[in-house]
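Here is the structure we will look at.
Throughout, read-outs are computed from the coordinates displayed, never taken from laboratory work. Quick caveat: nothing in here was measured; it's all calculated off a predicted structure. Ideal geometry is used to build each Cβ from the backbone, glycine not excepted, and the neighbour counts take in all protein chains shown.
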Amino acid sequence: MDPLNDTKSLVEILEVMGNDLTVVNAARVSFSKESKILSEGDSKLIKYLAKNQHISPFFHPQIRMRLKMPIFIAREWFRHTIGFSRNEVSRRYVDTLPEIYLPMELRARDANLKQGSKSESIEDNESVRDMMHQSMSVAVSAYNALLSSGVAPEVARTVLPQSMYTEFIETASLYAYARLCKLRLDPHSQVEIRQYADAVDRLMLQHFPVSWAALMA
């Protein structure tokens with residue numbers, strides 16, 4: 001899964017308020033100073049702020065994103081609440097054909113971990129994957145049958161699997177995204193959510209090269 005290129009997954013920046021200079025000037029206002037162009041001294045200031053946990057200047061840049069991911073990933077993503085605002089597609093009102101995530105490789109359970117998985121796939125990967133596909137297809141067929149029977153979308157949705165894609169718009173500060181990515185890029189995080197965090201990481205680095213590198217150091 002590559003959320004930047006996959007046809008179903010999506011990580012897209014809709015709007016950016018601010019840049020590296022926004023961080024600098026939020027900090028320099030304490031001395032009633034302002035930078036017009038980012039200088040080497042400004043870059044050093046950003047690194048100093050991040051290293052010494054002077055985080056308030058990093059709250060001023062705001063990023064609005066559109067994300068599309070399987071529900072089981074979204075529920076982990078939504079655990080990050082501080083500094084975030086979200087609005088999600090609701091299947092109370094939407095009854096279009098659900099899109100389902102089906103992993104290519106089914107990672108084996110790691111007996112040494114309470115949570116998590118091995119990097120290797122199970123031996124009978126294809127047959128078990130076919131079983132998953134059949135189960136998901138039955139769920140979608142049941143959903144469509146319920147709608148055809150006149151069942152309200154808010155009730156019919158109860159048969160849909162956690163692997164169904166959901167979509168939401170999210171706004172957060174630069175610091176909030178840095179905190180999310182540092183936690184979700186950790187090797188102990190689930191592989192799928194790491195892929196989304198990696199996509200956000202790449203996009204933020206493009207828009208905030210100095211601040212993002214300093215926050216993620």
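List of remarks:
- Within the straight-line cut-off of under 16 Å between alpha carbons, none of the lysines are reachable from K118, sequence neighbours fewer than 8 places apart in one chain being disregarded.
- At 1.306 mPa s and 10 °C, Stokes D of the chain from Kirkwood alpha-carbon radius, µm² per second: 81
- Shape class of the range 10-93 from the alpha-carbon gyration tensor: prolate, with a/c at 1.5 or above and a/b greater than b/c.
- Ascending count of other beta-carbon atoms within 10 Å, so fewest first, for F208, F168, F78: F78, F168, F208
- Per-residue ³J(HN,Hα) for the range 153-168, Karplus 6.51 cos²θ - 1.76 cosθ + 1.60, θ = phi - 60°, Hz, x for Gly and Pro: x, 5, 8, 4, 5, 5, 8, 7, x, 5, 7, 5, 6, 10, 9, 8
- Cut-off of 10 Å, at most 10 other beta carbons, DSSP loop: longest stretch of the chain lacking such GluC sites (Glu not before Pro): 124-217
- Cα centroid of the range 5-66 to Cα centroid of the range 182-210, whole Å: 17
- Degrees, to the nearest 10: 125-148 long Cα axis against longest axis of the chain: 80
- Neighbour counts of other Cβ atoms within 10 Å put Y165, Y143 in the fewest-to-most order Y165, Y143.
- Value at 222 nm in deg cm²/dmol, rounded to 500, when DSSP H runs of n ≥ 4 in the chain each add -39,500 (n - 2.57): -13000 deg cm²/dmol
- Here the 3J(HN,Hα) profile of the range 95-105, calculated from phi with Karplus coefficients 6.51, -1.76 and 1.60 at θ = phi - 60°, is 10, 5, 4, x, 9, 10, 8, 10, x, 6, 10 Hz, Gly and Pro shown as x.
- Pairwise FRET efficiency - T81 versus R28, Cβ, R0 = 41 Å, nearest 0.05: 0.85
- For a straight C-alpha distance cut-off of 12 angstrom, the aspartates and glutamates reachable from K8 (same-chain residues fewer than eight places away being disregarded) are E99, E167.
- In this label model, S141 and F59 are separated by 5.3 nm, measuring between points 7 Å along each Cα→Cβ vector.
- Folded to 0 to 90 degrees: helix 191-207 orientation relative to the chain principal axis, Cα: 30
- Shape of the range 107-159, Cα gyration tensor, a/c cut at 1.5: oblate
- The lysines within cross-link reach of K51, meaning a Cα-to-Cα straight distance under 29 Å and a gap of 8 or more places when in the same chain, are K33, K36, K182.
- Simple spin-label estimate for Q115 and S35 gives 3.8 nm between the two label positions (7 Å along the Cα-to-Cβ direction from each Cα).
- Here the label points at L205 and I169, each 7 Å from Cα along the C-beta direction, are separated by 2.9 nm in the simple model.
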